[in-house]
Amino acid sequence: MKSFLPLNVRIDNKKILFIGGGKIALHKIKTVAQYTRNISIVSPEIQDELHQMGFTEIFKEYETSDLEGFFLVYACTNNIEVNRRIKNDAAEYGIMVNVVDNRELSDFISPAVIKQDEMTIAVSSNGENVKKSVEWRNKLKALVQRGYFLTRRSEPEKRGFVSIIGAGPGDPELLTIKAERVLREADVILYDDLVSSELVDRFDARKIYTGKRKDHHHYEQEAINEEIVRHALQGEKVARLKGGDPFIFGRGGEEIEALRQHGIRYEIIPGITAAHGASAYTEIPLTMRKISSSVAFCTGHPVNKIQVPDADTLVYYMVASAVHDVLDAVAAKGRDEHTMVAIVQNATRYNQKIITGTLGELRKSEQAVSSPALLILGENINQFISDNWYSKKKKVLILGEDLVGYAPDEYIKVYYPCIQSEETDHHTLEQAGAVDLNFIDEIYVSSLACIRNFRELYKDIPKKIIIKTANNYIDDEYRRLFSV
Ligand SMILES: C[S@@+](CC[C@H](N)C(=O)[O-])C[C@H]1O[C@@H](n2cnc3c(N)ncnc32)[C@H](O)[C@@H]1O
């Protein structure tokens, strides 16, 4: 059996001879002409098309001496006897010959090729199934023409860039300067549940909510990864905004893995994790000289895998439905019943709430804890916790613009997104309706549209709340709407 070795042969300055000038020769010459113009044709008749290609033409019948000085020869006559003679003569001269459609007589065969720029794809069946080679070549050619394999040099492939950003625990001012800039420059922001709408609304990019809340349509982590990758592959600047820090129970690691798999460039911008936010906004130092010299971040989920590391201060994330499981696990590890525990809900937000007690007390009591909540346990929980600097501030709900200029050292300004356009998504609307008036000390109204919109969600306002309005018109409207 004949075997053929696929290789690329150097042909510059080497002459190639075609014997025969019919359709078969035309077909072969078209392929060879993509690589060299050093082609001669010997034939009594030559196809018009070949004639117009401008190669050296010798109008005559084949003779042995025609082979002299050639590097390769293609025998393309329609006479098998002549082709056989060419083969034998070429062997005498030590020239390799291809006899068209006759692999037995050929020293080399021509693959079916696709040539584009510097690239050549050659398909060969070892000369055994030419039809199949041509079929494959045509299929590949269609893919090449659709741009499948090739990247044009003038148009570098567009691959976006992803910034995985920690948004902090809630207070929108706890965002890094770097994150702020990246969010300003982003084309699209994909944000999670724990990211406040006040923060997201500050930026112009397209926003996509990728929360995982159980009660609504929710994204699984894999679907989020796909969504990030999809936008990046479209060449967009993607800001992936996550609550707290992306690398503390934030699944940032999985997102990077997906980006790496697709060769997408990325950066990671850390955020203030909930433990740090809660610690600062409740005055619980996580370490303290002589009292606590180690701290561990743990999770209360899943409950059958709760770990109790040997650290002075323990911080448990994801505890809303696992408080007792966590406390039991800690007690089982031999921690003193008198150790102080603080459960901090909505840390750094206007509705921050703290539940405190000893390990023994809280194990015995039933506490309704709503998410997001952290549990901190250790000797460093001090007497200031309920009377902390943050809880002393008044909470003012602003319906419209803050024309008064409420001083931030005295007030926590509670955000209310009253302008609802088609772009206001489900998350924003829910947040709007989710302002807990029990935490509010004052409402300031400077927009008619806002107070009307507010009235649709809240039928009445608790009496303890002070109402201030920007002018008489707004005041009248407020009174009319709430019948006061
Ligand atoms: C999936 S983890 C995300 C943690 C986040 N990557 C971080 O660094 O804070 C969600 C948990 O973080 C905690 N958490 C996040 N924000 C919080 C907040 N403002 N107050 C209390 N706990 C919070 C809660 O324990 C919540 O169940």
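Bear in mind that the values in this text are calculations on the coordinates, not laboratory data. As the structure is a prediction and not an experimental result, all values here were calculated from the model. Because the Cβ atoms are built from the backbone with ideal geometry, glycine has one as well, and the counts that use them run over all protein chains shown.
Of all beta bridges that DSSP places with both ends in the chain, some 30 percent have antiparallel geometry. When you restrict to C-alpha pairs under 8 Å that are six or more residues apart and normalise by the size of the chain, the relative contact order lands at 9 percent.
Rounded to the nearest 10 degrees, the angle from helix 23-32 to the longest Cα principal axis of the chain is 50 degrees.
The long axis of helix 221-233 is offset from the longest Cα principal axis of the chain by roughly 60 degrees.
Could you give the length gained on full extension between residue 260 and residue 449, defined as 0.36 nm per residue of separation minus the Cα-Cα distance, in nm?
Contour length minus the Cα-Cα distance gives 63.3 nm.
Shape class of the stretch 16-110 from the Cα gyration tensor (axes a ≥ b ≥ c, square roots of the eigenvalues): rounded, since a/c falls below 1.5.
Assuming 1.306 mPa s and 10 °C, estimate D for the stretch 161-272 with Stokes-Einstein, Rh taken as the Kirkwood radius over Cα pairs, in µm²/s. This corresponds to a translational diffusion coefficient of 117 µm²/s.
When peptides 251-259, 276-284 are ranked by their average number of other Cβ atoms within 10 Å per residue, the highest-first order is 276-284, 251-259. Remark: relative contact order (the stretch 191-271) = 29 percent; criterion is Cα-Cα distance under 8 angstrom and separation of 6 or more residues. Karplus-based coupling profile of the stretch 48-56, in residue order and whole Hz: 4, 4, 5, 4, 6, 6, x, 7, 5, with θ = phi - 60° in 6.51 cos²θ - 1.76 cosθ + 1.60 and x standing for Gly or Pro. Counting other Cβ atoms within 10 Å as a rough exposure proxy, the listed residues 446, 371 run 371, 446 from fewest neighbours to most.
With θ taken as phi - 60° and the Karplus curve 6.51 cos²θ - 1.76 cosθ + 1.60 applied, the whole-hertz 3J(HN,Hα) list for the stretch 449-462 is 4, 5, 5, 5, 4, 4, 5, 5, 9, 10, 6, 8, 10, x Hz, x standing for glycine and proline. Here the mean projected area of the convex hull built on the C-alpha positions of the chain is 38.1 nm². Relative contact order of the stretch 3-97, taken over Cα pairs closer than 8 Å and 6 or more residues apart, is 30 percent.
In the chain, the longest principal axis of the Cα atoms and the axis of helix 130-145 are about 40 degrees apart.
Per-residue 3J(HN,Hα) values for the stretch 104-109, derived from phi via the Karplus relation 6.51 cos²θ - 1.76 cosθ + 1.60 with θ = phi - 60°, read 5, 8, 8, 8, 9, 10 Hz in sequence order (x marks Gly and Pro).
Taking amide H atoms as placed 1.01 Å from N in the peptide plane, the amide H of residue 96 lies under 5 Å from those of 73, each 5 or more residues away in sequence or on another chain.
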